[in-house]
1. What ranking do 267-277, 474-484 get when scored by the average of other Cβ atoms within 10 Å per residue, highest first?
2. In this model, which of Lys777/Lys853; Lys720/Lys769; Lys617/Lys769; Lys619/Lys717; Lys617/Lys777 are farther than 24 Å apart at the alpha-carbon?
3. Around Ser215, with a cut-off of 15 angstrom between Cβ atoms, what is the net charge of the other residues, counting Lys and Arg +1 and Asp and Glu -1?
4. Eigenvalues of the Cα gyration tensor times 5, then square-rooted: what semi-axes does that give for region 241-353, in whole angstrom, largest first?
5. Which number comes out as Rg/Rh for region 396-536 once both Rg and the Kirkwood Rh are worked out on C-alpha atoms?
6. Along its principal axes, what span do the Cα atoms of region 359-404 show, with the longest given first and each in whole Å?
7. Counting only other residues whose beta carbon sits under 13 Å from that of Phe773, what net charge do I get with K and R as +1, D and E as -1?
8. For region 415-462, what are Rg and Dmax over the alpha carbons, in angstrom?
Amino acid sequence: MGTTPFPYFISLFLLLLCFEACLRVGDAKVGCTERERQALLHFKHGVFDYHGLLSSWGNTEDKRDCCKWRGVECNNQTGHVIRLDLHGRLDGMGHFQSLRGKVGPSLAELQHLKHLNLSGNDFEGILPTQLGNLSNLQSLDLGYNDDMTCGNLDWLSHLPLLTHLDLSWVNLSKAIHWPQAINKMPSLTELYLSDTQFPPIIPTISISHINSSASLAVLDLSWNGLTSSIYPWLFNFSSSLVHLDLSYNDLNGSIPDAFGNMTTLAYLDLSWNELRGSIPDAFGNMTTLAYLDLSTNELRGSIPDAFGNMTTLAYLDLSWNQLEGEIPKSLRDLCNLQKLLLSQNNLTGLQRKDYLACSNNTLEVLDLSHNQFKGSFPDLSGFSQLRELHLEFNQLNGTLPESIGQLAQLEVLSIPSNSLRGTVSASHLFGLSNLWYLDLSFNSLTFNISLEQVPQFQASYIMLASCKLGPRFPNWLQTQEGFRELDISASGISDVIPNWFWNLTSDLRLLNISNNHISGTLPNLTSYPSSLEMDMSSNCLEGSIPLSVFNAGWLDLSKNMFSGSISLSCGTTNQPGSGLSHLDLSNNRLSGELPNCWEQWKDLILLNLANNNFSGKIKDSIGLLHEMQTLHLRSNSFTGAPPSSLKNCKALRLIDLGKNKLSGKITAWMGGSLSNLVVLNLRSNEFNGSIPSSLCQLKKIQMLDLSSNNLSGKIPKCLKNLTAMAQKGSQDLSYSTFINSSRTSYVDNTLVQWKGKEREYKKTLGLIKSIDFSSNKLIGEIPIEVTDLVELVSLNLSRNNLIGSIPATIGQLKLLDFLDLSQNQLNGSIPDHLSQIAGLSVLDLSNNTLSGKIPLGTQLQSFDASTYEGNPGLCGSPLLKRCPEDEPGEVSITTGLSSKKEEIQDDANNIWFYGNIVLGFIIGFWGVCSTLLFNSSWRYAYFQFLSKIKDWLHVTTIVNMNRIRRSLQG
């Protein structure tokens, strides 16, 4: 055998290198296959790419290799596309970037595709079932595309290698057989079907076993409206499931014990359902569980001791249920517990300091808020890892222990609305360097902080409402540079607001210093954060209101001493949708005319300028406040007629223009255009003319006050159409709005003339159903139709020129608490049915021409005589004047004596008449019953009866004769 020449190896080696280089050149030149490149380009042509996400895709020479396109990954050896990832995402500026359009069937040409992710875009239309031809697909993610639909899931059975499937938010409302389709996917391990609008499971179709996947580990069916009929299918995966999310569904009834068979489960979320009954002890079998959320259901009973078996549990949320009893001692065995949320229950017994003895070194979040825990503040000194502590809305008393300052990791301390008292010093809080959320509101705590003490924390949220911080302004707040919310309302501060306080950051979202005695002026700062919720009401602030504060989103400066005009506010730059929604400047000393630039404040929901010194006409531009629900302009000096442009404010629910100098007629648009009105108060103005019948169109009106004007004419009979006054229930006079993405609520209020006094009603305002037409010049009769408003609690028609009688059906108003018909010209008698109104506490019928007897009844006789005075024809209690039928006749002495003797003689004759009747009865009875003589027992009973009759007759005769003798002698 000969040897191979060395040059031969060299030649072969060079040939191989050349061949490899040629392959590389060919790869570089060809790239992905032409068929798959065209399929991707066809997909691109069907979508809208507003953000340039597909800018690297194209036909030019430098873009021909689709393997280099964004979101595309190819096999290094074959060049086939194996991954396409075009999910929506945030850019570096925090802006979301996504594609729009439809997913065309061209993607089915990518036969070697293993991973497809088109989630988080705006793809719409029908999902192409041709994707079922991608037999190599292992992962498919089409979730979170708002308008994508799919009629069935049968095509999934052609994807035998699929392990990950996400169709969240895809509309599957017509996919009736979806459980069977899932069962036919043997390799599936992760399934996400959140918010897919599943149709209800048909009970006649067996879904409990159809070759179900034994490998399914992750299952998310949240936000689907599923009922308990899902359980038979669900429990097929008991031996494989590790993660199960059934939150935000319609599961009802008790929790099945079968959940205890899911021994591999590490994550279980059953929150936001309608589950009832107790928590089953079988939960203790899930010894691998690390996350359990049963919150926001209707669970009752106590927390089972079996929870102590779940030693791997790190997260436990049982909040928003109706659990009761003490926290079980077994929870202290949960050595891995990091978050324990038990808020919004009826739990008690927070006395044991070691109820979490084992887990106190691992617990990071403890939420026991909204329960019924009593006693002193728990000893938490051993909870060295605690980051969040929520104990708000309980009944804890005693003092705040200084040991709270030892929780070095504490970030959130929230214990408002308890009954804690005593002193808070720097040693309690100032050493907590990680603290960013502090809420001690609505306790009786007194802060004792010296001027030189400085907290180590920089808090974003400080809420100390109703704690005693004053009388000096708390100087330590000066060290906090990153406020988002600050509430020191009702904190006993009687001081001038310091200049440093106005170094506001642009992050500030809530500032509440109301209900103190803070004095000073507001600076005109350009740095006021936009959309700030600012409440400085009920203080002693004075001076003019600076232009810059109107950039806030919620502004309450009421009950201060501000003066001057607000016309300068026309220079604000608020834009619709981001500007002021709540403006309350009431109870100040503001004056001048209102500004004529309301178009800048189109987001206003509430405008309250009551109790100031404003004058002039209300400008037409106020009608541009189309979102306005509440308008308070009472107690000013406005003149002229209300602008007709207000008819464009169709959202108005409350109008209070009382106590001004407004004039003219009450125009028809108030009833015809403002159909949502619940309260209309025009009292104490100078309106004239008649009450327009269009007011009868106010179906929701509950308080209608037109008193103290110059109105004339008759009361409209159509008032019976005010249906809210005839039906049970009340209108909601609260509203909420979003300021900086957080909901802010407000309950409306107004002054109501009630029982002769003005009273402010707020939370109960919606319960008042009243009509007040008093102090006008109304004529005619009280229309009987008014008595159809059976839910009325107050009716005042006094001080008019009404005639006729009180409607006989007035008794239908059984809920009346106040009725005043005084100072009219009403005649006739008081209806008997008026005494049937049991709850009537105030009644005034004085100064009319009523006559006759006041109807008898406890109710009407209980009122003072002044209720009926000024009606000469009235008589009877409680008046001293007696009615004729109650008086004895006028007779002379002789005539009286004669009449008396005649009456006595009549009595005597009656006695003898009735006596003879009795004797006749005895004789007749004797004749008929003579046979009784032959029976001794009968005879004995018979004569005993006669003896009793004789005795009765004798006694009665003697008594009456003696009475007659005494009368004759008298």
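Here, each number is a calculation from the coordinates, and none is a lab measurement. All of these numbers come straight from a predicted model, not from anything done at the bench. Virtual Cβ from ideal backbone geometry, glycine too; neighbours counted across all protein chains shown.
1. Working: 267-277: 19.5, 474-484: 15.5.
Per-residue mean Cβ counts within 10 Å order the peptides as 267-277, 474-484.
2. Lys777/Lys853; Lys617/Lys769; Lys619/Lys717; Lys617/Lys777
3. Values: positive: Lys184; negative: Glu190.
Summing Lys and Arg as +1 and Asp and Glu as -1 gives 0.
4. Values: eigenvalues 75, 62, 28 Å².
Largest first, region 241-353 gives 19, 18, 12 Å.
5. Details: Rg = 14.6 Å, Rh = 15.4 Å.
On the Cα set of region 396-536, Rg over Rh gives 0.95.
6. 26, 21, 14
7. Taking every Cβ under 13 Å from that of Phe773, the sum is +1.
8. Taking only Cα atoms of region 415-462, I get Rg and Dmax of 11.0, 30 Å.
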